[in-house]
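Student: I have a structure I would like to understand better, so I am pasting it below and will then ask my questions one at a time.
The values are calculated or read from the model by the stated rules, or taken from the named source; none is laboratory data. In this text the structure is predicted, and so the values were computed from the model without any measurement. Neighbour counts are summed over all protein chains in view; Cβ atoms, including those assigned to glycine, are modelled from backbone coordinates with ideal geometry.
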Amino acid sequence: MTVLTTGSSGHLGEALMRRFRRDGRAARGIDIKPSPFTDRVGSIGNVDFVRRSMTGVTAVIHTATLHKPHVATHSHQDFVDTNITGTLVLLEAAVAARVTAFIYTSTTSAFGAALVPPPGKAAAWITEDVTPVPKNIFGVTKFAAENLCELFARQAQLPVVVLRTSRFFPEADDNSEIRARYATENAQANEFLHRRVDISGAAGW
């Protein structure tokens, strides 16, 4: 069983590849950036590259993404190309390769404004039944990719699991007010109190 891990040079993708290699599991890492945990360098938006990389693969863990800090540095089109089109290319290739499991790592940021407590309430009660109201292009494109996954699960019978993970990336916050008010370590420590997850938990260490 070979697992294709997208975004293998990124924070979560590398953590997963470390785990697979430690456990002696067959895994193939792909990313646009080279790294010790990336076996093939290329874009998930490149149909030929993805099809070649899918050869012999039985499961996909799709972590490659432009995420929230990139809102300050990348265009809306960049987010669409990576988060939506890249996911579509992977889903189509997975169906063609008869992959038996496809895991998509989405984000709690997809909930967006739905996370804001109603007037007079201390917190918002969030379940899978809450309708997302994305606040930025990151949330919009991740939610759109979730819907693509649902479509392929329903129409192509591709076994798909969508995980809305909490924040675990190492970069400074994209909010300039947060960056100005708190050191990165302080801001991230505060997030652990309500919505942040440690990378070891996300990668199953």
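Student: Answer with yes or no whether residue 102 is of a type in the set (Phe, Trp, Tyr) and either without any contact (Cβ under 8 Å) to a residue 60 or more places away in the chain or closer than 16 Å to residue 5 by Cβ (or both).
Tutor: Yes; evaluated as a whole, the condition is true for this residue.
Student: When you scan region 79-90, do you find a residue that is buried (at least 17 other Cβ atoms within 10 Å of the Cβ), of a type in the set (A, V, I, L, M, F, W, C) and in contact with a strand residue (DSSP E or B) (Cβ under 9 Å, 6 or more places away or on another chain), even just one?
Tutor: yes
Student: Being in contact with a strand residue (DSSP E or B) (Cβ under 7 Å, 6 or more places away or on another chain), surrounded by 14 or more Cβ atoms within 10 Å (Cβ to Cβ) and in contact (Cβ under 8 Å) with a residue 24 or more places away in the chain is the filter here, so list the residues in region 33-58 that pass it.
Tutor: 37, 38, 39, 44, 53, 54, 57
Student: Could you list, in sequence order, the residues of region 1-14 that are over 23 Å from residue 95 (Cα atoms) and surrounded by fewer than 21 Cβ atoms within 10 Å (Cβ to Cβ)?
Tutor: Residues satisfying the conditions are 9, 11.
Student: Right, something else. Could you tell me which residue of region 57-73 is nearest to residue 94 (Cα to Cα), considering only residues that are at pLDDT 95 or above and small (Gly, Ala, Ser)?
Tutor: 59
Student: One residue is enough: does region 101-112 have a residue meeting the conditions hydroxyl-bearing (Ser, Thr, Tyr), buried (at least 17 other Cβ atoms within 10 Å of the Cβ) and out of contact with any helix residue (DSSP H, G or I) (no Cβ under 7 Å at 6 or more places or on another chain)?
Tutor: yes
Student: Okay, moving on. Given the conditions (1) in contact with a Phe, Trp or Tyr (Cβ under 7 Å, 6 or more places away or on another chain); (2) on the phi > 0 side of the Ramachandran plot, which single one is not true for residue 7?
Tutor: Status for residue 7: all satisfied but (1).
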